[in-house]
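The values are calculated or read from the model by the stated rules, or taken from the named source; none is laboratory data. Not measured: the values here are computed from a predicted model. Backbone-built Cβ (ideal geometry, glycine too); neighbour counts: all protein chains shown.
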Amino acid sequence: MNEGLAIRTRGLTRDFGALRAVDHVDLDVPRSRIYGFLGPNGSGKSTTIRMLCGLLTPTEGSATVLGHAIPAEAEALRRKVGYMTQKFSLYEDLTVRENLDFMAEVYALRRARKRDRVDTISERYGLTRLLGQRAGTLSGGQKQRLALGAALLHDPELLFLDEPTSAVDPENRRAFWESLFDLVEAGTTILVSTHYMDEAERCHELAILDQGRLAASGSPQDLARDIDARVVLLRTDRPRSAGKALHAEPWVLSVAQVGNELRVLADKAQEDAVAAVAARVRAAGYEVAHCESVPASLEDVFVAATLPNRTARRERAA
Amino acid sequence: MKFLHRIGAVAAKEVRQLRRDRLSFGMIVALPIMQLLLFGYAINMDPRHLSAAVADLSGTAASRQYVHDLAQSQVIDIKHQVGSAEALEALMRAGQVSVGIYLPPDFERRLAQPDRAAGQLLIDGSDTVVQAAAASLVSPARTAPVADAPPTLEIRTYYNPERRSPVNTVPGLIGIILTMTMTLFTAVAIVRERERGNLELLITTPIRSWELMVAKILPYIFIGLVQASLIFWLGDSLFRVPMRGDWLDAYAVILLFIVANLALGLMISTLASNQFQAMQMTFFILLPSILLSGFMFPFDGMPRAAQWIAEVLPMTHFMRLIRGIVLRGAELGELRGELAALGAFLAIALTVAVRRFDKTLD
């Protein structure tokens, strides 16, 4: 057992009937880091999180969380983890204080400690003025802070956040992420799922999930460096038509328009991708104003990793 | 004609949704069938085959013939032969029979004296319908075919001689109210948490399944006891409903019944996927509980199939227990069969509920 790991899974799999929601996922999540799950809806992010906190039993494979085997020792683990569900799941008909008190009591905090934690948490997450208000009347950002605060009352070593910012405006998202780094500095490990690139970019490490499979993992920088594609930026007078022409090429993995520019992912086998892209666009009869090779963004990594039928394209290219 | 188009779209969508909600769809068919069968067959205001016991102390050919003639009427089924009036009363108090026939040693001699009653007909008055049916045994129409001078039985109505209906309605009402609120409250309380996602959060906390279940039903036990006390108090002050048995016995039985219904509610909560379904399922239990338990219509008058269904319902056993204690002053020992039935129901419902209420989302 690696002391530095908070979570270790091997071959973690979960079926729902005929559907394989999570397919042999191997994860190594280091302690005191923000570890991100990046993936589209239905990629298995929530199912993986639910297995890791003992809500769902894996169909196959093993998982060790904070040294506890899952699901056998899930009960022992519950004291050490906090979980923030995707949907607000505290009681809307209770006040903020009643919700916090209730969660503290469920975690069996002693009276003095409960009072202390509720005070600290409500101050830290700006809930002090809202304590008497019913949770159902809070805004999206306030609900999210309440949910985070409630998940932290018992000072968990590991925090699971399932798409925590889906109902929150950009400003609150930013503040929310700043508060996550405070927690990490204090030693907490955070596992967060998201489908926002900017959030994924902030994580220390990432796992990209696609249709239940682990498509890629590593730090955002490493992932960008090791991307299995060449990224070419192209400026042309007819971006829509040029894009279509490029897309027909078997060595072009994807074409995305950003304003007037085209961001082209080319197969790594294509040695001089810039020249090939430019030549193809000119051959189609469009002007090439500018064409250069650029470093991969996380979105490029995500697109390259989750590309459907990539092997099929490869074979066609070869 | 655009409005027809729009109405059609919504109506078609409604039918499509209804077809996918299998429980509601089932209710559409099952409810009328159930009601028809219940009201058509089970509910009988002129019940026959009332359980009866005979204490024939004269033991003559004439007394046997007389008992035989009474049995021929099919109003009563003679289930027991006992040796004394006290034994008849004990059987009645325990709820085993609702009619007792007492023929004294000098029955034959009395028959010859038309001015005196030859024997006694003891009737359990805790159900007014039963009372009326049993009384018809001695009406002239029924006794006329019997040879010789009409032999009269003196009617002695036990427990509710004034035939006041609140007296037998009120104790049963406790059962109906508790079935309704206890089952529905627990079922909905748990399903609501699941629907709103609260349960997903609770499951990840250290609270255990059984702790969660106990904590959820504890407040309702208290609420149920308050409801029962309220009915007792109003029954006493408004309708002078007596309490002939022991208060402690009554509350012990009520407590058992409350817990049985809470277990039933828990079981429903593990089967229903939303609050509406939980309400539908509760209704499915409540309707036969009202109609078949003996609360509204006498149990003895129902056909066999309806009686079997009724025996499965906790309400039927509670009815017998609470009427026995409150109206007939029965002791728990005399009603142990009903207690055992209620206990068995509780054990089964609780086992099913606990097994199904797993602390995972699988």
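Structure values in brief
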{"quantity": "Test: residue in the range A:129-148 that is closer than 30 Å to A:Ile227 by Cβ, surrounded by 15 or more Cβ atoms within 10 Å (Cβ to Cβ), touching a helix residue (DSSP H, G or I) at 6+ places or on another chain (Cβ under 7 Å) and of a type outside the set (Asp, Glu)", "calculated": "no"}
{"quantity": "Restricting the range A:36-45 to residues that are surrounded by fewer than 21 Cβ atoms within 10 Å (Cβ to Cβ) and on the phi < 0 side of the Ramachandran plot, the residue that is farthest from the other protein chains (Cβ to nearest Cβ)", "calculated": "A:Pro40"}
{"quantity": "Condition check for A:Leu265: without any contact (Cβ under 8 Å) to a residue 60 or more places away in the chain, at negative phi and assigned to a strand (DSSP E or B)", "calculated": "yes"}
{"quantity": "Of the criteria (1) touching a residue at least 12 places away in the same chain (Cβ under 8 Å); (2) over 17 Å from B:Ile203 (Cβ atoms); (3) more than 8 Å from chain B (Cβ to nearest Cβ), which one A:Glu92 fails", "calculated": "(3)"}
{"quantity": "Filter pass, A:Leu209 being of a type outside the set (Lys, Arg), part of a helix (DSSP H, G or I) and assigned by TED's automatic domain parsing to the domain that holds A:Arg124", "calculated": "no"}
{"quantity": "Any hit, the range A:149-159, residues being more than 17 Å from A:Leu183 (Cα to Cα), under 21 Å from the mean Cα position of the chain (by Cα) and in contact (Cβ under 8 Å) with a residue 12 or more places away in the chain", "calculated": "no"}
{"quantity": "Among (1) in a loop (DSSP other than H, G, I, E, B); (2) within 12 Å of another protein chain (Cβ to nearest Cβ) - the single one A:Phe102 does not satisfy", "calculated": "(1)"}
{"quantity": "Check on A:Arg235, surrounded by fewer than 22 Cβ atoms within 10 Å (Cβ to Cβ) and part of a strand (DSSP E or B)", "calculated": "yes"}
{"quantity": "Residue list for the range A:48-88, restricted to those being hydroxyl-bearing (Ser, Thr, Tyr), within 13 Å of another protein chain (Cβ to nearest Cβ) and closer than 17 Å to A:Ser193 by Cα", "calculated": "A:Tyr83, A:Thr85"}
{"quantity": "Out of A:Leu94, A:Leu19, sole residue that is under 30 Å from A:Gln133 (Cβ atoms) and surrounded by fewer than 19 Cβ atoms within 10 Å (Cβ to Cβ)", "calculated": "A:Leu94"}
{"quantity": "Sole residue being more than 24 Å from A:His24 (Cα to Cα) and within 23 Å of the chain's Cα centre (by Cα), chosen from A:Asp222, A:Asp267, A:Asp272, A:Asp300", "calculated": "A:Asp300"}
{"quantity": "The range A:287-308, residues that are surrounded by 19 or more Cβ atoms within 10 Å (Cβ to Cβ) and in a loop (DSSP other than H, G, I, E, B)", "calculated": "A:Ala296, A:Thr306"}
{"quantity": "B:Val241 vs. criteria at pLDDT 90 or above, more than 14 Å from every other protein chain (Cβ to nearest Cβ) and within 21 Å of the chain's Cα centre (by Cα)", "calculated": "no"}
{"quantity": "Selection count, the range A:201-246, where residues are in contact with a His (Cβ under 8 Å, 6 or more places away or on another chain) and either without any contact (Cβ under 8 Å) to a residue 40 or more places away in the chain or at positive phi (or both)", "calculated": "1"}
{"quantity": "Unique match (being crowded, with 23+ Cβ neighbours inside 10 Å and within 21 Å of A:Ser217 (Cα to Cα)) among A:Arg33, A:Arg50", "calculated": "A:Arg50"}
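Rundown of residues vs (1) more than 22 Å from the chain's Cα centre (by Cα); (2) part of a helix (DSSP H, G or I); (3) within 14 Å of chain A (Cβ to nearest Cβ); (4) in contact (Cβ under 8 Å) with a residue 40 or more places away in the chain, yes/no style:
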position: B:Gly175; (1), (2), (3), (4): no, yes, no, yes
position: B:Thr181; (1), (2), (3), (4): no, yes, no, yes
position: B:Phe185; (1), (2), (3), (4): no, yes, no, yes
position: B:Glu193; (1), (2), (3), (4): yes, yes, yes, no
position: B:Pro206; (1), (2), (3), (4): yes, no, yes, no
position: B:Met213; (1), (2), (3), (4): yes, yes, no, yes
position: B:Leu218; (1), (2), (3), (4): yes, yes, no, no
position: B:Leu225; (1), (2), (3), (4): no, yes, no, no
position: B:Ala228; (1), (2), (3), (4): no, yes, no, yes
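Okay, residues lined up against (1) touching a residue at least 60 places away in the same chain (Cβ under 8 Å); (2) touching a Phe, Trp or Tyr at 6+ places or on another chain (Cβ under 9 Å):
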| site | (1), (2) |
| --- | --- |
| B:Arg16 | no, no |
| B:Thr60 | no, yes |
| B:Ala90 | yes, no |
| B:Leu103 | no, yes |
| B:Leu122 | no, yes |
